[in-house]
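Reviewing the structure listed below.
The values are calculated or read from the model by the stated rules, or taken from the named source; none is laboratory data. What you are looking at is a predicted structure, and each value in this text was computed from that prediction instead of being measured. Positions of Cβ are generated from backbone atoms using ideal geometry, with glycine treated the same way; all protein chains shown enter the neighbour counts.
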Amino acid sequence: MKETIMNQEKLAKLQAQVHIGGKETARRKKKVVHNTATADDKKLQFSLKKLGENNISGIEEVNMFTNQGTVIHFNNTKVQASLAANTFSITGHAETKQLTEMLPSILNQRGADSLLQV
């Protein structure tokens, strides 16, 4: 009889340790597995392959100009395009810079009307 009481006490201790929340919550902790960025990149590349995107060679850098006067600058990029799907994708490390930081080298990429804004 004493053994069953002791086992019940041990059992109650163990149950108290694994119970996390309030009265009606789950008893066990669940380990949440997060997807890594590489898994997301693989899914994206698979989707782009289904669209029939092809690599465009010869592009060293990409600059995207915003209305706020900043530039999203991609250096050493991988550019892919699918003309049938009207889809272009640019992958690589992006940096947001002010337009003035990019000045002498960026002037030939801007139009004549936009030079007045600089």
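Worth pointing out:
- Number of positions in the stretch 66-106 that are hydrophobic (A, V, I, L, M, F, W, C), buried (at least 16 other Cβ atoms within 10 Å of the Cβ) and farther than 21 Å from Lys49 by Cα: 5
Residue-by-condition table, conditions (1) aliphatic (A, V, I, L, M); (2) modelled with pLDDT under 85:
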position	(1), (2)
Thr66	no, no
Asn75	no, no
Gln80	no, no
Ala84	yes, no
Phe88	no, no
His93	no, no
Thr96	no, no
Gly111	no, yes
Leu116	yes, yes
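- Close contacts from the stretch 51-62, counting a first residue that is free of Cβ contacts under 8 Å to residues at least 24 places away in the same chain and under 18 Å from His73 (Cβ atoms) and a second that is β-branched (Val, Ile, Thr) and surrounded by 13 or more Cβ atoms within 10 Å (Cβ to Cβ), with Cβ to Cβ under 7 Å and a gap of 6+ residues or different chains, come to Ile59/Thr77; Ile59/Val79; Glu61/Thr77.
- Test: residue in the stretch 50-72 that is in contact with an Asp or Glu (Cβ under 9 Å, 6 or more places away or on another chain) and either part of a strand (DSSP E or B) or of a type outside the set (Phe, Trp, Tyr) (or both): yes
- As a summary of the residue check, Lys30 satisfies the conditions (1) at pLDDT 85 or above; (2) part of a loop (DSSP other than H, G, I, E, B); (3) surrounded by fewer than 11 Cβ atoms within 10 Å (Cβ to Cβ) except for the one numbered (1).
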